[in-house]
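One structure is given here, and the rest of the page talks about it.
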Amino acid sequence: MTAGETPAFDLAIVGGGPVGLFLALAAEQAGLRPVVLEARSAADGLRDDRSLALSWSSCLRLGRAGAAAPAGSEAGEIRTIHVSQAGHPGRTQFSCDEAGIPLLGRVVGYGDLVRSLADAGEGRFPVHYEHKVLSIAQHDGGVELHTSAGTHRARTAVVADGSGALLADAGFTTTTKDYGVHALVARVRTDRGPGTVAYERFCQHGPLAVLPRGQDHAVVWTLPADRAVELTEAADGRFLSQLQDAFGWRAGRFVAVRDRGTYPLVLRRTMPLARGRIVVIGNAAQTLHPVAGQGLNLGIRDARSVLAALQAAGSGDPFARYGARRERDRTAVVGFTDLLAEVFSVNMPGLPGLRALGLEALDLLPGARRHFARALAIDATR
Ligand SMILES: Cc1cc2nc3c(=O)[nH]c(=O)nc-3n(C[C@H](O)[C@H](O)[C@H](O)COP(=O)(O)OP(=O)(O)OC[C@H]3O[C@@H](n4cnc5c(N)ncnc54)[C@H](O)[C@@H]3O)c2cc1C
């Protein structure tokens, strides 16, 4: 880009996943000109049916950007979170009434959420599908993005590609910790219907979440890779009886299963969060263990912070202090999810008893429960 040439866009967003599309909506609403470059076709992004728990704050933020969190027959409401551990006493639960909010969160399908965000952006900003970004170069006054279908220029590039794979050549580094387990996801039906309770049960290899979604429950089950593959391919009856053994009967009898799949679980962090006019957000900045369902919620806060930095910058460098500001929130959430993933999957002698004590103590302290519920559902202070 030559000096004096004005880029057509303020923001080029790499990745039309939920975080990239949310940023585009919020940026357009703030009077900026975003463009989204997405590698997949419009239909491909909608096929992912993983279930996501959105916190109450994230639901409000989506609404303010003009895109409601999907509701109706394919979504669920979380009014209570029930936490227990398999084979040992100790349980606690958090409720929206205790937290003083209408809901703790909603469960939505990834594809439904992407559709809702893309529909809300229709006519407000361009989304170029099948434009895989291959490299990003910085020049005086902006960035140049080379894609599989041409070159785009903007003042700032925001990488929301889910992995940060693009960034190695732009001076960013990534650290990865492999948890050595997979998340087996599925939709299951019980003889009682889904209700509004989200269950988090800590089992031998890590957490097992059973979330209300439509007429079903969404299951996210942490298992060693070979066992996850075996149960993904098992006959329905065998899968359901193994799930019942691990989870127990608190949601009723599991009677049907569909849409099984697996995801390897890693903790990945990209450093720094910004370099010049390139900034990284969402799963590209950090990929978390899904325990406590915080990845997308954190990504939505990343997007808000990018926007705040751009709005506050004037003619200065918008991202000079961005990394330091975001690091506090990211470190807290990464630390919390990593601790939960590790503490509840280690089975040293005496540890289950300590965990049981912790859960019982929390259950006896309404103030602590209220604080916990609000921390999970409302993150307005971060
Ligand atoms: C099993 C499981 C359960 C989860 N549950 C929860 C939950 O309950 N709550 C929660 O908050 N989070 C949850 N998460 C995390 C959540 O899915 C992610 O945090 C979220 O999808 C991140 O969104 P993103 O837009 O940053 O990235 P992605 O969703 O990965 O989207 C990235 C997009 O970028 C595109 N792309 C990639 N490379 C390029 C390129 N070079 N050029 C252009 N486009 C590109 C991709 O095609 C994709 O569309 C869960 C994750 C898993 C695996």
Take the Cα atoms of segment 272-342, find their three principal axes, and give me the spread along each one in whole Å, biggest first. 44, 17, 16
Computed label-point distance, nm, for sites residue 317 and residue 137 using a 7 Å Cα→Cβ extension: 2.2
Give me the dipole magnitude in Debye, nearest 20, for the chain about the Cα centre, with unit charges on the beta carbon: positive for Lys and Arg, negative for Asp and Glu. 720
At a 10 Å Cβ-Cβ cut-off, how would you order 199, 179, fewest neighbours first? 179, 199
Rounded to the nearest 20 Debye, what is the dipole magnitude of segment 179-265 about its Cα centre when Lys and Arg each give +1 and Asp and Glu each give -1 at the C-beta? 260
Helix 366-377: inclination vs the chain longest Cα principal axis, degrees, rounded to 10, gives 40
Quick one: angle between helix 18-29 and the longest Cα principal axis of the chain, in degrees between 0 and 90, rounded to 10, please. 50
Set the Förster radius R0 to 22 Å, insert the Cβ-Cβ distance between residue 103 and residue 329 as r into 1/(1 + (r/R0)^6), and round the FRET efficiency to 0.05. 0.50
Neighbour counts of other C-beta atoms within 10 Å: give me 156, 176, 287 arranged from fewest to most. 176, 287, 156
Bin by bin, in steps of 10 Å, what percent of the Cα pairs in the chain do you find, going until the bin that has the longest distance? 5, 23, 32, 24, 12, 4, 0
Segment 179-265: projected area of the alpha-carbon convex hull, averaged over directions, in nm²: 4.9
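From the gyration tensor of the Cα coordinates in segment 11-69, what semi-axes in whole Å does the equivalent ellipsoid have, largest first, with each one equal to sqrt(5λ)?
That gives 19, 18, 7 Å for the three semi-axes.
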If you fit an axis through the alpha-carbon atoms of helix 322-343 and take the longest principal axis of the Cα set of the chain, what angle between them do you get, 0 to 90°, nearest 10? 20
Exposure proxy check on 131, 146: fewest-to-most Cβ neighbours within 10 Å is 146, 131
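None of the figures in this text is laboratory data; all of them are computed from the coordinates on show. Being a predicted model, the structure only gives us computed values, none of them experimental. As a convention, Cβ positions derive from the backbone with ideal geometry for all residues, glycine included, and neighbour counts pool all protein chains shown.
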